[in-house]
Amino acid sequence: MSNLNLLGKDTIFAAHSFFSGGGFGDLGIEHGCRLPVLTACELLEDRAKLISNNFGETHVFQGDIWELKDHMVSTIEKMLSGNRPWLMLLSPPCQGMSSNGAGRIQAAIRDGKRPNEDERNRLILPGIDLVERFQPDWFILENVKRMENTIIRNEINEPENILDTIARRTLPLGYTVRSSILDFRKLGVPHNRERLITIGCRLPEITKVVPPQKEIFFKVPSYLHPVASHGPGTNNEFITLRKAIGHLPLLDAKSKIRDDADPLHRVPKWNENQYNWMSVTPEGKSAFENNKCAHCSYINNNSDLYCRCGELLPKPSTEREYWPCDCGEVVPISELVCSCGTAKKDKVINKLDLIRGFKTSYRRLRMDRPASTLTMNSGVISSDMKGHPVQNRVLSLREILILSTFDQGLNS
Ligand SMILES: [Zn+2]
Ligand SMILES: [Zn+2]
C-alpha cells in the first residue's frame, strides 16, 4: 500500500476491517472518508472476491476469523511496522437476542452444559482480541439494534452482555466507548435503517471530554456520534423517495424493464398475475388489501379472495390441491379425514387460495417518505415493501444504489 500518512508519532492513517461482508461499509471508509482500508476479512468466498475486485490494494483474508487470527496478526504487524492503525472496523454478524434466549444461555452455563447459542454472536471475541493487540485510535462496530440486549458466552465461559464485554476489555486500554442506536434517516439516508453504533476512542483529547466508563449504552446518541442533520428538529426534511429517485426514467415490469441509457436502471419482469395484482394496488398499500370488487364495487374483508358476488378479487393467490368430501366440504390434500369424519377420497381438485404471506409483501412504498429498510431481496415483489410507489415494478438496481447512498449522483 503506497502513500500511507503517519499521524503523530506512531499512528498510520488507515483502517483494518473485520467481518467486511461484500465491503460495502468499507466503501464509505475508503471512498467516503479517503481512509485506505489496508486489510479486510470475510468468511464467504464470493463476498471476499467482491472486496478484492473493488479494493485493488486491500489485503483480503477469506475464512473464519477464529482460525485466521494469528495469520492476520502477523500480516498486519508487518504492514504497520510497529505503528498503530487509526481505525478498526468490527461489525460481527450479531443476531441480537431476546432476553428469553439470553436466559437459556445463562441457565445452560450454570448447569455446566454447553449452551445452544448462535456462534455468530461470539465473533466479537476475536475482534476484541485484535483491538487489544493493535490498539487503534478509534474502533467502530455497526450492528443490529437488539445487540444491546444480547448475552454471549465470553472468553472465560461466563454469560455477559456483549456491550459489557466490549467495555470490560477495552477500558483498561484507556478507551472511552459509547454505544447508541442511530436512525440513519436523520443523517440524510433516504431509507429507514436503525443500527446500534458503538464507537471507541483512546485519544486523550476525546477521553478528556467523554470520560471512560463501564456503562456504554446511551439512549440519546453520544458526543462521539454524528448529530442529526435531517428530520424533526433540524433544518432539513427526511430525504424522500420523490427527492431521491423521482427524477429517474419510467420503467414497467411488463413493457419497459430497462433504461437504454443506464444499464443499472433495470427491473425484473413480473408474471401476468403479479402484474395484475400490483397494477390495481394503490401507493402505500399491499395487494392483499385489494378488497374492492371491480365488478360490483362491494368492499370485502382482508380474508376474502372472492367477492360476495362471486368475482375473483385481484389478490396474491395460488392454486392448492383439495379433495371433495360428500358432505360438501373441500378438504386440504394433507388432511386424511374430513371434519365430518369421512376418510380422504382419491379425487383431487385445485382451488385458488390467498398466498400465505405477510401483509408487508406485495406492498408499494410511499413517494413522500424515505424507503423502508433495504434488504437482500430487493428485486422480489413477494418480499417486504418492494413495490415502486406509483410505477408497476420493483425498485431498479440504480434506485437501490441511490437509496443506499452508494450513488455519487445523489444530491441531498
Ligand atoms: Zn363483487
Ligand atoms: Zn365431510
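The values are calculated or read from the model by the stated rules, or taken from the named source; none is laboratory data. Worth saying up front: this structure is predicted, and the values here are computed from it rather than measured. FYI the Cβ positions are ideal-geometry reconstructions off the backbone, even for glycines, and counts take in every protein chain you see. Areas reflect the complete protein model, heavy atoms only, side chains present, ligands, DNA and RNA absent. Shrake-Rupley method; radii C 1.70, N 1.55, O 1.52, S 1.80 Å.
Per-structure values
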| quantity | calculated |
| --- | --- |
| Separation between Cα centres of region 279-307 and region 199-269, rounded to whole Å | 35 |
| Inter-probe distance in nm under a simple model that places probes 7 Å from Cα toward Cβ, at ALA294 and LYS208 | 7.2 |
| Where N is the number of residues in region 215-371, Cα Rg divided by 2.2 N^0.38 Å | 1.57 |
| Alpha-carbon gyration tensor eigenvalues x 5, square-rooted, for region 89-172, Å | 23, 14, 10 |
| Rg/Rh ratio calculated on Cα atoms of region 6-209 (Kirkwood radius) | 0.96 |
| Mean Cβ count within 10 Å, highest first, over the residues of peptides 348-361, 11-24 | 11-24, 348-361 |
| Radius of gyration and maximum dimension Dmax of region 163-307, Cα, Å | 24.4, 73 |
| Over the chain: helical MRE at 222 nm, DSSP H runs n ≥ 4 each giving -39500 (n - 2.57), nearest 500 | -6000 deg cm²/dmol |
| Where Rh is the Kirkwood radius over Cα pairs, Rg/Rh for region 93-252 | 1.07 |
| Per-peptide average of other Cβ atoms within 10 Å, ordering 306-317, 389-400 highest first | 389-400, 306-317 |
| Mean separation of Cα contacts under 8 Å (6+ apart) over length of region 6-209, as relative contact order % | 18 |
| Count of Lys pairs (Cα-Cα under 24 Å; at least 8 positions apart or interchain) in region 6-209 | 6 |
| Region 22-64, Cα convex hull volume normalised per residue, Å³ | 53 |
| Cα centroid separation, region 35-102 to region 120-162 (Å) | 14 |
| Alpha-carbon Debye profile of region 302-412, log10 I(q)/I(0) at 0.10, 0.18 Å⁻¹ | -0.49, -0.94 |
| Partner aspartates and glutamates for LYS254 [C-alpha distance under 20 Å; skip if fewer than 8 residues away on the same chain] | ASP262, GLU272, GLU283, GLU399 |
| Hydrodynamic radius by Kirkwood, which averages 1/r over all alpha carbon pairs of the chain, in angstrom | 25.0 |
| Average Cα contact separation per residue, the chain, under 8 Å, 6 or more apart, as relative contact order % | 11 |
| Nearest-ten-degree value, helix 65-80 long axis tilted from longest Cα axis of the chain | 40 |
| Nearest-0.05 FRET efficiency for LYS9 and ASN377, computed from C-beta distance (R0 51 Å) | 0.55 |
| Förster-model FRET efficiency, 51 Å R0, SER81 and GLU215, C-beta, rounded to 0.05 | 0.85 |
| Protein-only accessible surface order, largest first, of LYS292, LYS344 at 1.4 Å | LYS292, LYS344 |
| Calculated FRET efficiency for the pair ASP183/ARG308, C-beta based, R₀ 30 Å, to 0.05 | 0.10 |
| C-alpha long axis of helix 45-54 to longest principal axis of the chain, angle in ° | 70 |
| Accessible surface of region 6-209 [probe 1.4 Å, protein heavy atoms]: carbon and sulfur percent | 50 |
